[in-house]
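These notes concern the structure reproduced below.
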2 protein chains.
Amino acid sequence: MKVVILGSGNVGTHLGRAFIAGGNDVLQVYSRRMESATKLAGELGCAFTTRTDSLNTAADVYVIAVTDDAIADLAARFPLKEKLLVHTSGTTPMDVLQTGSSRIGVFYPLQTFSKEVPVSFRNIPVCLEAAAGSDMQQLEILARSLTGKVYRIDSTDRQKLHVAAVFACNFVNHMYAVAADILEEQGLPFDLLRPLIEETARKVMKGEPDDMQTGPARRKNQKVLDKHSELLAENPEYRSLYVTISKSILKKYHA
Amino acid sequence: MKVVILGSGNVGTHLGRAFIAGGNDVLQVYSRRMESATKLAGELGCAFTTRTDSLNTAADVYVIAVTDDAIADLAARFPLKEKLLVHTSGTTPMDVLQTGSSRIGVFYPLQTFSKEVPVSFRNIPVCLEAAAGSDMQQLEILARSLTGKVYRIDSTDRQKLHVAAVFACNFVNHMYAVAADILEEQGLPFDLLRPLIEETARKVMKGEPDDMQTGPARRKNQKVLDKHSELLAENPEYRSLYVTISKSILKKYHA
């Protein structure tokens, strides 16, 4: 399919690469900032523009990949009212695109993108929504060129899914970061924890997280919980996190 | 080496299997409860006892693998005052073993053990401590029969390491569990999140967690944070977790 990407951040970059890898044509990249427009266009080997009134009109799908706050604004300036316009956000409802086109949808890849870390799309769920059935079929063709995991998910479900993803990804990474800080204060290498982190993720690839919970709060071992809270005395921020999350585990398994 | 295992829980079970896989002799399993003693002894193909005064006296190392609260008690009843006695706990200081033997140490495998989930020890860090240099050498031989990752870590460092491990493993799994609950309420499959979970762990196998942090709190996107908090209105417990952890991320990257 022929695609134009609006936005040149993490999501736009990774999607652009994946569209091309999936055999699609990326006709053009749009970004307000010349520097990022040319950079991504250079990488993808396509044209670029910094003006919405210069958008290539030949694409099948126009993919907005900008921050949530900027989606509505960009949609309002989108000039091709009969073209399929989608955004890639977990949180933003589909209908903010209504000012942009009569044909709207959502193309939400459920993954964490860091610009420098290459990602294979083969295993990434892509969640689709479209106002019209024929547009859904278009989006499904595009999604299946990237991945075997294509889901139809409406705006309400997608918002909840995004909240869940914040827990499973962003908050998880913060736990890693806190652990790294605690080790660093002690002069211990983060490498000590990497096998544990890998195994903790591996265990829920087949199993359910509830069945895999271990640790002092799961065992309701108050002595260890108190000891750990004491060990974090010099860091009230992390101590408070420790206590709050432990209470949540106690509540889930021992209420 | 010749080993006796005192305790038949998750850690005792996994260590017993790993000792044998590493070419060691497990001479005997001790457990207060006949049923678990015979079960683990049957699996390991060794003798068992439920009485500390019937412990096999021919082992090189006696490994206590019971809950933290029970270690001191069991050590006090350990009758072989000249034998190397170690525990496997992250939190308990080495010196609680002093009532048991004049030769004491710690053999702490840094991993999460669920009884039904097989674990390869090859990649697991084992953290060692010993009161005497000659006993440290013995423990190093035993540890190296299981893994290439052997660390000398004293009781103070080990306690901090254990706190860090609670964040990196137990709290991480709780984040998975909360995410699974949110999806389940919405009738969405947990499978949607598994590729994201895998990738989130994979990214810190080489990188530092701080560099990999993504999400609304990292981007200081208050609108999305408010929206998510609103979406969790029906679950005050998870809403409060969401707000607390988001604040911690904001503080770390935007203070």
- Task: Restricting attention to helices (runs of 4 or more DSSP H) lying wholly within segment A:191-255, give those where 1 or more residues are closer than 20 Å to A:A168 by Cβ and without any contact (Cβ under 8 Å) to a residue 60 or more places away in the chain.
- Result: A:194-206, A:209-212, A:236-254
- Checked against (1) assigned to a helix (DSSP H, G or I); (2) without any contact (Cβ under 8 Å) to a residue 40 or more places away in the chain; (3) within 29 Å of A:V150 (Cα to Cα), B:K160 satisfies every condition except (3)
- Subset tally (residues that are more than 7 Å from chain A (Cβ to nearest Cβ) and among the aliphatic types (A, V, I, L, M)) for segment B:218-244: 3
- Item | Any hit, segment B:112-133, residues being part of a loop (DSSP other than H, G, I, E, B), touching a helix residue (DSSP H, G or I) at 6+ places or on another chain (Cβ under 8 Å) and more than 14 Å from every other protein chain (Cβ to nearest Cβ) | yes
- Residue in segment A:196-214 that is closer than 25 Å to B:R152 by Cβ and more than 7 Å from chain B (Cβ to nearest Cβ) present: no
- Among the residues of segment A:144-155, is there at least one that is within 7 Å of chain B (Cβ to nearest Cβ), assigned to a helix (DSSP H, G or I) and either more than 30 Å from A:D95 (Cβ to Cβ) or in contact with a helix residue (DSSP H, G or I) (Cβ under 7 Å, 6 or more places away or on another chain) (or both)? no
- Where A:G105 falls short, out of the listed (1) in contact with a helix residue (DSSP H, G or I) (Cβ under 7 Å, 6 or more places away or on another chain); (2) in contact (Cβ under 8 Å) with a residue 60 or more places away in the chain; (3) more than 14 Å from chain B (Cβ to nearest Cβ): (2)
- Query: If we keep just the residues of segment A:23-37 that are surrounded by fewer than 17 Cβ atoms within 10 Å (Cβ to Cβ) and not charged (D, E, K, R), which is farthest from the chain's Cα centre (by Cα)?
  - Reply: A:M34
- Item | Condition check for A:I141: away from chain B (no Cβ under 14 Å) and assigned to a strand (DSSP E or B) | no
- Among the residues of segment A:150-195, the number that are surrounded by fewer than 20 Cβ atoms within 10 Å (Cβ to Cβ) and under 27 Å from B:D181 (Cβ atoms) is 7
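To keep it simple, each residue is scored yes or no on (1) in contact (Cβ under 8 Å) with a residue 12 or more places away in the chain; (2) touching a Phe, Trp or Tyr at 6+ places or on another chain (Cβ under 9 Å); (3) within 21 Å of B:L188 (Cβ to Cβ).
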site: A:A41; (1), (2), (3): yes, yes, no
site: A:A59; (1), (2), (3): yes, no, no
site: A:L74; (1), (2), (3): yes, yes, no
site: A:S101; (1), (2), (3): yes, yes, no
site: A:V117; (1), (2), (3): no, no, no
- Task: Inspect all residues belonging to segment A:172-185 and state whether any of them is more than 8 Å from every other protein chain (Cβ to nearest Cβ) and in contact (Cβ under 8 Å) with a residue 24 or more places away in the chain.
- Result: yes
- Task: Kindly check whether there is at least one residue in segment A:88-102 that is within 14 Å of chain B (Cβ to nearest Cβ) and closer than 19 Å to A:R51 by Cα.
- Result: no
- Task: Looking only at segment A:81-90, decide whether some residue is hydrophobic (A, V, I, L, M, F, W, C), assigned by TED's automatic domain parsing to the domain that holds A:N10 and touching a residue at least 60 places away in the same chain (Cβ under 8 Å).
- Result: no
- Message: Out of everything in segment A:44-81 that is closer than 12 Å to A:V3 by Cβ and among the small types (G, A, S), what residue ends up being farthest from the other protein chains (Cβ to nearest Cβ)?
- Response: A:A58
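The values are calculated or read from the model by the stated rules, or taken from the named source; none is laboratory data. Quick caveat: nothing in here was measured; it's all calculated off a predicted structure. Neighbour counts run over all protein chains shown; Cβ positions are idealised from the backbone, glycine included.
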